[in-house]
Structure formats: structure tokens, C-alpha cells
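**Student:** First the structure, which I've put down as C-alpha cells, then a few questions once you've had a look.
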Amino acid sequence: MRLDIISIFPEYFAPLDVSLIGKARERGTLDARVHQLRDWAHDVHKTVDDTPYGGGPGMVMKPEVWGEAIDAVIEGGSPTGVTGGGSPRLIVPTPSGRPFTQELAQELAAEPWLLFACGRYEGIDSRVMAEYGTRLRVDEISIGDYVLAGGEVATLVMVEAIGRLLPGVLGNAHSAVDDSFAPGAMRNLVEGPVFTKPPVWRGHEVPPVLLSGHHGKVARWRRDEALRRTVANRPELAAALDPETLDKHDRRLLEELSFRFQPEDMAN
Ligand code: 6GU
């Protein structure tokens, strides 16, 4: 995958040299390039922002600088680059975007080329998204319901979630398959607790079933723990569970937890 990131703070992306993503870059699985937006600002102060039309607090990022930057990065990647002359999908991190989910991470991991445009201040002049929307797929994406100072950290979050899904990035081929939000039997449940040696640590025992060697009982115990945690920590996920995916044991446990499955309430 080819990955370009445009930001006024390229230093934010030092973590891309580390760990799984760093190794993927060394191996060539991931061709990641970080660009300084100010390289395309032409005045002596390298200005990238201006006051908002209509008034209000803060500053807005100027469209001309972004236009030149995005054009240059696109031209630099085609027609002879690894992307084979195609064009990137443009990702604009913003708290007003659509939610970033595991499903969206999987969709983006299948793309040959992503370009992240990291805004700061009150955001990027909206005409930039309108302009590139006529030529590229443009997605404005939020990583959660809180406000960051800029798109850099959100981009790191998305790149890590996407990067670990690329072929060969995870050591264990199954690691991505039993993620809490991945498709499969435990879909829509968060994962339960995990344990390793020693069997007793500071008086805390590992649940004996995990030492029993009984695979069926272990699987049932893990599912119970996943259900308990989902009810405790993510009641909205528990409320949205599809009854078709629940067995009798699941239903009994949910009742014990005084969680009643009420289809009428699902929309609320
Ligand atoms: Cl993508 N950007 C910013 N600045 N804040 C956010 C966000 C993105 N997602 C949640 N909060």
C-alpha cells in the first residue's frame, strides 16, 4: 500500500518508524511518505491559514496551499509509481466526519493508495474537499466523540488500525481475525480478559478452566466473559446484539446480568 500524509507537523509521524508499521515499511509492504504542507506555501512566512469568512474564533486552512500540495503528491505518485498511475483515496480527519470503525479500516486496507490531509485550527477550507470530490473518493472521518487539536494523532490511529490489516503485517495470521469488532462468532462482543504464566501471581489465580485443557469449556467461558464485559462496558453494543447470534446459554447469562433483550428498544 502507498500512503501519503500531508501535515504542518511531520514530526508527529515518527512512530511510523516503530513496531509493526515500521517493519512493514522496511519490508516494502507499506510505502509511507510524510510531506510538510508549508513546502507549498509561497509567502515569506509560509502562511497556511487565514481568518474564517463569516467571523468566529480560530483560523481556517487556505485552499490554495492544500490544492498545490495535494496535486504535487498525486503527480509524484503516478503514472510510474507503485500505484500504477491510479489516484489515491483522500482521507480528511475531522471531528465532523463519519465514524472510523473496524469495518472502515478493513475497507481502507484494501485500497492501493491513501492520502491523509491533516488539518489544524478550525479545519481546511471546505472547497478543497469539494474540488477533490470531483476527481477522487474523499472521506471526512472522525475517530471518536472528542476534539483533538488536529488531524495528526487521528491519522496515526487510522494508519495503525489499517496497517495491521495489510497482508503479512501481523506475525500470527489469525491475530486480526478474533478482534472484538471483526466478523465472526464473537462479532459485536468485546474481548474478555487474558492470562499467562504464572498460574498464581500475588495471590490472584488464573481461572482454573483455562488450565483444564477442555477446549469446549474454555470457549464457553471466554464467550461468557466477553458477554459480561460487553454488558458492563458497552451497553449499547449489548443492546444491539442480534438474537439470532445468541444461544440459550447466552440468553440465560444476559438475564442473570439483568440485561433484558428488548428488540423494541434497539432503535433507541
Ligand atoms: Cl479525525 N480530528 C480532530 N481534530 N479531532 C477529532 C478527530 C479528528 N476525531 C475525533 N476528534
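The values are calculated or read from the model by the stated rules, or taken from the named source; none is laboratory data. It should be emphasised that the depicted structure is a prediction, and the values quoted were computed from it without experimental measurement. When we count neighbours, we look across all protein chains shown, and the Cβ atoms used for this are built from the backbone with ideal geometry, even at glycine. Calculation scope for accessible area: heavy atoms of the full protein, side chains included, ligands and nucleic acids excluded. Shrake-Rupley method; radii C 1.70, N 1.55, O 1.52, S 1.80 Å.
**Student:** With respect to K62, is the statement that it is touching a residue at least 40 places away in the same chain (Cβ under 8 Å) and either farther than 20 Å from R164 by Cβ or surrounded by fewer than 16 Cβ atoms within 10 Å (Cβ to Cβ) (or both) true?
**Tutor:** yes
**Student:** In segment 176-202, how many residues are modelled with pLDDT of 90 or more, open to solvent by 80 Å² or more (accessible area, probe 1.4 Å) and in a loop (DSSP other than H, G, I, E, B)?
**Tutor:** 6
**Student:** Okay, next question. Among the numbered conditions (1) open to solvent by 90 Å² or more (accessible area, probe 1.4 Å); (2) touching a His at 6+ places or on another chain (Cβ under 9 Å), tell me where K217 comes up short.
**Tutor:** (2)
**Student:** Considering each residue of segment 105-130, count those that are part of a helix (DSSP H, G or I) and out of contact with any strand residue (DSSP E or B) (no Cβ under 7 Å at 6 or more places or on another chain), and give that number.
**Tutor:** Total satisfying the criteria: 7.
**Student:** Only one of these is modelled with pLDDT of 95 or more, surrounded by fewer than 19 Cβ atoms within 10 Å (Cβ to Cβ) and touching a strand residue (DSSP E or B) at 6+ places or on another chain (Cβ under 7 Å): D50, D39. Name it.
**Tutor:** That would be D50, the only listed residue that is modelled with pLDDT of 95 or more, surrounded by fewer than 19 Cβ atoms within 10 Å (Cβ to Cβ) and touching a strand residue (DSSP E or B) at 6+ places or on another chain (Cβ under 7 Å).
**Student:** Pull out all pairs, ordered by first then second residue, where Cβ-Cβ is under 7 Å, the residues are six or more apart or on different chains, the first lies in segment 30-54 and is within 22 Å of A14 (Cα to Cα), and the second is loosely packed, with under 15 Cβ neighbours inside 10 Å and not small (G, A, S).
**Tutor:** As it stands, the answer is D31/V82; R38/K46, since those pairs meet every condition given.
**Student:** What number goes with the only condition from (1) free of Cβ contacts under 8 Å to residues at least 60 places away in the same chain; (2) assigned to a helix (DSSP H, G or I); (3) open to solvent by less than 10 Å² (accessible area, probe 1.4 Å) that R25 does not pass?
**Tutor:** (3)
**Student:** Can you find even one residue in segment 114-137 that is of a type in the set (F, W, Y) and away from the ligand (no atom under 16 Å from the Cβ)?
**Tutor:** yes
**Student:** Continuing with the same structure: How many residues does segment 114-145 hold that are within 17 Å of the chain's Cα centre (by Cα), over 9 Å from P93 (Cα atoms) and either aromatic (F, W, Y) or open to solvent by 30 Å² or more (accessible area, probe 1.4 Å) (or both)?
**Tutor:** The qualifying residues number 2.
**Student:** Within segment 131-155, how many residues are within 21 Å of V65 (Cβ to Cβ), assigned to a loop (DSSP other than H, G, I, E, B) and in contact with a strand residue (DSSP E or B) (Cβ under 6 Å, 6 or more places away or on another chain)?
**Tutor:** 1
**Student:** Also, I was wondering about something else. In a strand (DSSP E or B), open to solvent by less than 80 Å² (accessible area, probe 1.4 Å) and either on the phi > 0 side of the Ramachandran plot or without any contact (Cβ under 8 Å) to a residue 60 or more places away in the chain (or both): does that describe G97?
**Tutor:** Spelling it out, G97 is indeed in a strand (DSSP E or B), open to solvent by less than 80 Å² (accessible area, probe 1.4 Å) and either on the phi > 0 side of the Ramachandran plot or without any contact (Cβ under 8 Å) to a residue 60 or more places away in the chain (or both).
**Student:** Just need a number here: residues in segment 103-113 that are buried (at least 16 other Cβ atoms within 10 Å of the Cβ), more than 14 Å from the ligand (Cβ to nearest atom) and either without any contact (Cβ under 8 Å) to a residue 60 or more places away in the chain or farther than 26 Å from A72 by Cβ (or both).
**Tutor:** Counting residues in segment 103-113 that are buried (at least 16 other Cβ atoms within 10 Å of the Cβ), more than 14 Å from the ligand (Cβ to nearest atom) and either without any contact (Cβ under 8 Å) to a residue 60 or more places away in the chain or farther than 26 Å from A72 by Cβ (or both) gives 1.
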